[in-house]
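*Asks:* Provided herewith is a single structure, encoded as structure tokens, for subsequent inquiry.
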Amino acid sequence: MSRATVTAGLTVSVDGYYAGPDDGPERGLGVGGERLHYWVFGGPWTYAGEHDAGNAEGEDEAFLKHSLERCGAVICGRGTYEAAGAWGGHNPWDVPLFVVTHRVEEQPDPEHGFTFVPDLATALEQARGAAGDRAINIMGGGTLVREALAAGVVDELVISTAPVVLGCGKRLFEGFDHDLDLHKLRVWDSPLATHVAYRIVPA
């Protein structure tokens, strides 16, 4: 069995922010941050609107389909888990979801589909066991993606760029000082986002 490909990625603004100011529990992606994910819902939506704007369409839908079909496990940080409101209390994917957190004792009922782990290394070890030869997706937040890139465990980096400038918030590569060469693998482009998958070229 071949080793699972590890992908990492986020949606960012043109100026590199993956969240607006004041993001967090019950505040989602912060002020204006929902605009980053218009592509997921096929157009404008708000947190107050219960995410019911619709579904991804066209190239956005093709990108999502490609990502989901190859995914065998998902890893996220505690901040992402909380900002998403724990996705209503249930894992939204059909594959195991591992949450990296210093508070593993707060593990919810396993029936809800979440596994709390203390660090990225443990998350990867368990995700590899769960994913088999399918891909492992590190979905964020930015701190976890930077950690994974710095550790050299990421095979592919996927950046979705929304056509907005946030001006402030949290930048994906804030403080990142590693030199990486990337090989462009594929591009999906729509009016709401440009999704680019890169292979990380080994040093």
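Readers should treat all values here as calculations from the given coordinates under stated rules, not as data from a laboratory. As the structure is a computational prediction, the values presented were derived from the model and not from experiment. Glycine also receives a Cβ, built like all others from the backbone with ideal geometry; neighbour counts cover every protein chain displayed.
*Asks:* Look through Arg128, Arg146 and report the one residue that is farther than 23 Å from His66 by Cα and of a type in the set (Lys, Arg).
*Replies:* The conditions single out Arg146.
*Asks:* Can you confirm whether Arg27 is farther than 26 Å from Arg134 by Cα and touching a residue at least 12 places away in the same chain (Cβ under 8 Å)?
*Replies:* Considered against the rule, which asks whether it is farther than 26 Å from Arg134 by Cα and touching a residue at least 12 places away in the same chain (Cβ under 8 Å), Arg27 comes out as yes.
*Asks:* Across segment 130-165, what is the number of residues that are out of contact with any helix residue (DSSP H, G or I) (no Cβ under 8 Å at 6 or more places or on another chain) and polar (S, T, N, Q)?
*Replies:* Adding up the residues that qualify gives 1.
*Asks:* Looking at Asp109, Asp133, Asp94 in this structure, which one is of a type outside the set (A, V, I, L, M) and within 21 Å of Pro25 (Cα to Cα)?
*Replies:* Asp109
Per-residue answers, yes or no, for (1) of a type outside the set (S, T, N, Q); (2) under 27 Å from Leu120 (Cβ atoms); (3) part of a helix (DSSP H, G or I); (4) out of contact with any Pro (no Cβ under 7 Å at 6 or more places or on another chain):
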position	(1), (2), (3), (4)
Ala8	yes, yes, no, yes
Val14	yes, no, no, no
Tyr18	yes, yes, no, yes
Pro21	yes, yes, no, yes
Glu26	yes, yes, no, yes
Val31	yes, no, no, no
Leu36	yes, yes, yes, yes
Val40	yes, yes, yes, yes
Pro44	yes, no, no, yes
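*Asks:* Scan segment 79-92 and tell me whether some residue there is under 19 Å from Leu10 (Cβ atoms) and touching a Ser or Thr at 6+ places or on another chain (Cβ under 8 Å).
*Replies:* Looking for residues that are under 19 Å from Leu10 (Cβ atoms) and touching a Ser or Thr at 6+ places or on another chain (Cβ under 8 Å), one finds at least one in segment 79-92, hence yes.
*Asks:* Go through the residues of segment 159-168 one by one and say whether even a single one is of a type outside the set (Ser, Thr, Tyr), farther than 14 Å from Leu97 by Cα, free of Cβ contacts under 8 Å to residues at least 60 places away in the same chain and surrounded by fewer than 18 Cβ atoms within 10 Å (Cβ to Cβ).
*Replies:* Within segment 159-168 (the criterion being of a type outside the set (Ser, Thr, Tyr), farther than 14 Å from Leu97 by Cα, free of Cβ contacts under 8 Å to residues at least 60 places away in the same chain and surrounded by fewer than 18 Cβ atoms within 10 Å (Cβ to Cβ)), the answer is no, since none of the residues qualifies.
*Asks:* Next question. Test Leu68 against the criterion of being surrounded by fewer than 20 Cβ atoms within 10 Å (Cβ to Cβ) and not acidic (Asp, Glu), and give yes or no.
*Replies:* Yes; evaluated as a whole, the condition is true for this residue.
*Asks:* A further question follows. What about Gly58, is it under 20 Å from Gly169 (Cβ atoms), out of contact with any strand residue (DSSP E or B) (no Cβ under 7 Å at 6 or more places or on another chain), touching a residue at least 12 places away in the same chain (Cβ under 8 Å) and surrounded by 14 or more Cβ atoms within 10 Å (Cβ to Cβ)?
*Replies:* When the stated conditions are applied, Gly58 does not pass them.
*Asks:* So which pairs qualify, if the first residue must be in segment 138-154 and polar (S, T, N, Q), the second must be surrounded by fewer than 19 Cβ atoms within 10 Å (Cβ to Cβ) and outside any helix (DSSP H, G or I), the Cβ gap must be under 8 Å, and the two must be at least 6 apart or on different chains?
*Replies:* none
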